[in-house]
Every structure is written in C-alpha cells, then in structure tokens.
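The values are calculated or read from the model by the stated rules, or taken from the named source; none is laboratory data. Source: prediction; values computed, not measured. Here the Cβ positions follow ideal geometry from the backbone for every residue, glycine too, while neighbour counts run over all protein chains shown.
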Amino acid sequence: MKRSILVAPLLFLLLWVLITSFSLVNPLFLPSPLRVALVLVQSFTSGEFFQDIGMTLVRLAAGFVLGMVLGIPLGLFMGYYQKVYDYLDFLVDFFRSIPVASLFPLFLVVFGIGELSKISTTAWSTSLVILINTMYGVRNGKKLRIMVAKTMKASEYQIFVKAIVPEALPEIFTGLRTAISIGLIVVVLTEMLMGTKTGLGQRIFNASLMYQVPEMYAAIFLTGLLGFSLNKVFVVIGNRVIHWAGK
C-alpha cells in the first residue's frame, strides 16, 4: 500500500481529535474517535455487528446480481443494434432521471415490506447504471478491431463475442464499480425506510432515534469501510480481467 493513501485519513482523524479535544462541537453530536473505536471493538467482540453486515451484504449481492443479469445483456443489445437503441433510449433516459428514493413507496406497494422490496429496489438502481455503461462501452468501442474482424470475414457472432464485448469490458467494469457503490447506498436507505429488524441501515437509524451517537458513528464508519472494500475488490478483479486495457 502506498504511504500517500494514508495521508488523507490521518489528517481527517487528526482534525476529528482536535475538534473533540477542544469541544468545538457538542460531544452529543460528535463523539471522540476513541469512543467510536471502543463501540466498534465491543460490537465486534459481542458479535452484534455480524448479523447486520451479513444481511446488508446478502441484500446487496442479490440486488446487484439481478442488476447485472438485467443490465449487461440489454446494454449490449442497445449498444450494438441501432434500432434497439432508438426504441429504448427515451425510456432508459427517463427512468434513470427518476430518483430511486421517490420509487420506494411504489416498490413497497408492489412487493410489500419484506426482503423482495429491498432487493428489487437495489436491482433497479444498479441495473440502470450497468446498462448505461455497457451500452456506451459498446457504442464507443474502437472501430479498427471491428473493421479487421470484418475484413477477415468473421461472422456476426464472432465479431460480437471477440471484438465488441472485449472492447466494452472496461466500461462494463466501470459500471459495475459504480453500481456496487450505489447499490450499497440504496440497500442502507431501504433498511432505514422500508422496515427491517437487521442491517447496517436499521442500526444507524435506531441509534439515531435513541441518541446513541457513538453507536451511530460506528455503524456509519463500518458502512463506509464496507463500500470502500467492495470497490477495491472490483478494482482488483477488473485489473485482472481487462489487463489489456490501455495497452
């Protein structure tokens, strides 16, 4: 790990320590880093956080996989076939312009207050991001490789699989990285607003209602760490899968 990566977090931590040490902010609203760290350690020692992390990850994984299943194939077809793009472009732009939070009541009415509403909301938000990145990855692919494939009399299927899809992969993985972050945000919001007994979002919400501020900050910190870790996982996978990008 490069040392420069640690500079910003250490400066942030130092600023936090200074603010709390000199009581520049009411401790009720901003506890010290030490109190938050103690809550984290106690929660992990007692196992309180494990169920919440597990349920949040399960909901995120289910929604994200469903989003990929919906977004990647449709994005490939919209990017490759001009007529499909012309027919669906307005709908895609229209639906992606609607804030997902405004659709929460609709998903609750259609799917109820159970797990299906949370997973479907996550799938909806992630599928649009993946679809758009996939579509533009295909449309903006380098034409030279496609021209070479046609010159060599490759079939339409061969061109699509061996030229179009590899060209689109960098954009697809960019979409996946963006979608996993958005998916985590949506999952946490649904856990806060759609009703559940477990999940990081519910823990944050309950802690705020009961003015358990250190517990709230601990859950927020853990959510951010989870999102950061997931993003880094996709960076590593992307570097391995699309190692030729930029060469």
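Below is a table of values for the structure above.
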item	result
Tally of residues being free of Cβ contacts under 8 Å to residues at least 60 places away in the same chain, of a type in the set (Val, Ile, Thr) and under 23 Å from Glu156 (Cβ atoms) across region 65-80	0
Arg145 being of a type outside the set (A, V, I, L, M, F, W, C), surrounded by fewer than 17 Cβ atoms within 10 Å (Cβ to Cβ) and within 22 Å of the chain's Cα centre (by Cα)	no
Positions within region 184-229 being touching a helix residue (DSSP H, G or I) at 6+ places or on another chain (Cβ under 9 Å), under 27 Å from Leu106 (Cβ atoms) and aliphatic (A, V, I, L, M), in sequence order	Leu184, Ile185, Val186, Val187, Val188, Leu189, Met192, Leu193, Met194, Leu200, Ile204
Checklist (1) farther than 21 Å from Ile182 by Cβ; (2) outside any helix (DSSP H, G or I); (3) not small (Gly, Ala, Ser) applied to Ile98, failing item	(1)
Region 149-169, subset out of contact with any Leu (no Cβ under 9 Å at 6 or more places or on another chain) and small (Gly, Ala, Ser), residue surrounded by the fewest Cβ atoms within 10 Å (Cβ to Cβ)	Ser155
Within region 21-41, tally of residues that are modelled with pLDDT of 90 or more and either of a type in the set (D, E, K, R) or in a helix (DSSP H, G or I) (or both)	9
Residue in region 77-84 that is touching a Ser or Thr at 6+ places or on another chain (Cβ under 7 Å), within 23 Å of Ser181 (Cβ to Cβ) and surrounded by 13 or more Cβ atoms within 10 Å (Cβ to Cβ) present	yes
Hits in region 67-118 (condition: of a type in the set (Phe, Trp, Tyr) and farther than 27 Å from Leu189 by Cα)	Phe77, Tyr80, Tyr81, Tyr85, Tyr87, Phe90
Check on Tyr217, outside any loop (DSSP other than H, G, I, E, B), touching a residue at least 60 places away in the same chain (Cβ under 8 Å) and farther than 22 Å from Gly67 by Cβ	yes
Those residues of region 148-173 which are farther than 20 Å from Phe64 by Cβ, assigned to a helix (DSSP H, G or I) and small (Gly, Ala, Ser), in sequence order	Ala149, Ala163
Those residues of region 174-213 which are assigned to a helix (DSSP H, G or I), of a type outside the set (A, V, I, L, M) and surrounded by fewer than 21 Cβ atoms within 10 Å (Cβ to Cβ), in sequence order	Thr174, Arg177, Thr178, Ser181, Phe205, Asn206, Ser208
Region 110-140: number of residues that are in contact (Cβ under 8 Å) with a residue 40 or more places away in the chain and outside any helix (DSSP H, G or I)	1
